[in-house]
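Only one structure is covered here, and it is reproduced in the block below.
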Amino acid sequence: MKSLLEERVRKSRIPARLDLIQSLSGLALGLFMWVHLILVSSILLGKDTMLAVTRLLEASFLRPDVPGGYPALVAGAALTIFVIFIVHAGLAMRKFPSNWKQFREMRSHIKMMHHTDTTQWWTQAVTGFVMFFLGSAHLIIIASNPDKIGPYLSADRFVTWGLWPMYLILLFAVEFHGAIGMYRLAVKWGVFDGKNPQQTRKRLKLAKKCITVFFISLGLASFVAYVKIGIEHRDHAGERYVPTAELHLENPSH
Ligand code: HEM
């Protein structure tokens, strides 16, 4: 039978383990979001490029005659991200104020101290809350329409489905949350500490700002591109884009 001491030691390790899981899930989501936005922004290089990226991820090259390739790949990826997302959010909730009194104390603490770490914590909580709902909605939509991604089908979601406000809010929430999260991870685990941690912290702060500006600009440019295509394509919403190279196959007279 386990001794009381052993049981206490085991229990005292649980918060550290949960912290580690929160950090690892955050790291995975942060890296995923950067890759995701780079893939989504392929629209800036043209409709053909975005379609080529989509077809690659759907493994359409293994099934060229079926539109949408293997949608299970997209749905599987969305569900995997959803699970990590929920685990990460669930673990973060442990640190939320648990009643109105704690919440008020924290707010006055933030106002009084103007301390970057506390303000950042607050930004993480608010953006995290927004993402919990909008990110879940986006993932459910993608997981239930895994074969409907492409330059026209995605753009239709922005305009004809009317989802542009969701994407816009989500973009800002994700980019602030992701960059602050990665910065805090680096500080917490001392990844780049080196000889002069103070200087490293300054450099990390600068990196965080640059990364946020870069991804928000990239996201906004892509957002404008999808909305523009969505408006132009409104009368044919739901139709797939036919790449330039395949146009003559569809209509041999051209
Ligand atoms: C495997 C999971 C995911 C897939 C396959 C995916 C796929 C896509 C696709 C195809 C688009 C283009 C619009 C559309 O077709 O609806 C898009 C846009 C977007 N996604 Fe995701 N997504 C995933 C996860 C996420 C998550 C977890 C978030 C944030 C919580 C997110 C945030 C966004 C944002 C903000 C945009 C708009 C980008 C812009 O306006 O430039 N996505 N996503």
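Inspect all residues belonging to segment 69-82 and state whether any of them is modelled with pLDDT under 95 and of a type outside the set (D, E, K, R).
Among the residues of segment 69-82, at least one is modelled with pLDDT under 95 and of a type outside the set (D, E, K, R), which makes the answer yes.
May I ask you to list the residues in segment 50-99 that are under 30 Å from ILE21 (Cβ atoms), away from the ligand (no atom under 14 Å from the Cβ) and without any contact (Cβ under 8 Å) to a residue 60 or more places away in the chain?
Passing the criteria: GLY90, MET93, LYS95, PHE96, PRO97, SER98, ASN99.
So for segment 169-189 (the condition being open to solvent by less than 40 Å² (accessible area, probe 1.4 Å) and within 17 Å of LEU44 (Cα to Cα)), does at least one residue qualify?
For segment 169-189, residues open to solvent by less than 40 Å² (accessible area, probe 1.4 Å) and within 17 Å of LEU44 (Cα to Cα): present.
Would you mind telling me which numbered condition in (1) more than 8 Å from the ligand (Cβ to nearest atom); (2) more than 20 Å from LEU220 (Cα to Cα); (3) touching a helix residue (DSSP H, G or I) at 6+ places or on another chain (Cβ under 8 Å) ILE141 fails?
The single condition ILE141 does not satisfy is (1).
Table: residues versus (1) at negative phi; (2) open to solvent by 50 Å² or more (accessible area, probe 1.4 Å); (3) modelled with pLDDT of 95 or more; (4) not charged (D, E, K, R).
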residue: ARG8; (1), (2), (3), (4): yes, yes, no, no
residue: ILE14; (1), (2), (3), (4): yes, yes, no, yes
residue: LEU51; (1), (2), (3), (4): yes, no, yes, yes
residue: LYS95; (1), (2), (3), (4): yes, yes, no, no
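What number of residues in segment 19-34 are over 19 Å from MET93 (Cβ atoms) and more than 10 Å from the ligand (Cβ to nearest atom)?
Looking only at that region, the number is 2.
Check GLY194 against each of (1) open to solvent by less than 60 Å² (accessible area, probe 1.4 Å); (2) over 23 Å from VAL224 (Cα atoms); (3) among the small types (Gly, Ala, Ser) and name the one condition it does not meet.
Only one criterion is unmet by GLY194, namely (1).
Might you check whether a residue that is without any contact (Cβ under 8 Å) to a residue 40 or more places away in the chain, assigned to a helix (DSSP H, G or I), surrounded by 13 or more Cβ atoms within 10 Å (Cβ to Cβ) and within 13 Å of the ligand (Cβ to nearest atom) occurs anywhere in segment 111-131?
yes
Which residues, counting only those in segment 108-157, are among the acidic types (Asp, Glu) and modelled with pLDDT under 85?
ASP117
Among the helices (runs of 4 or more DSSP H) contained in segment 150-254, which hold 3 or more residues that are within 12 Å of the ligand (Cβ to nearest atom)?
151-159, 164-188, 197-232
Open to solvent by less than 40 Å² (accessible area, probe 1.4 Å), touching a residue at least 24 places away in the same chain (Cβ under 8 Å) and touching a Leu at 6+ places or on another chain (Cβ under 8 Å), is that true of GLY150?
Against the criterion (open to solvent by less than 40 Å² (accessible area, probe 1.4 Å), touching a residue at least 24 places away in the same chain (Cβ under 8 Å) and touching a Leu at 6+ places or on another chain (Cβ under 8 Å)), GLY150 qualifies.
The values are calculated or read from the model by the stated rules, or taken from the named source; none is laboratory data. Because the structure is a prediction, the values reported are computed rather than measured. Heads up, the Cβs are rebuilt from the backbone with ideal geometry, glycines too, and the neighbour counts pull from every protein chain shown. Please note that ligands, DNA and RNA were not included when accessible areas were found on the heavy atoms of the full protein model with its side chains. Shrake-Rupley method; radii C 1.70, N 1.55, O 1.52, S 1.80 Å.
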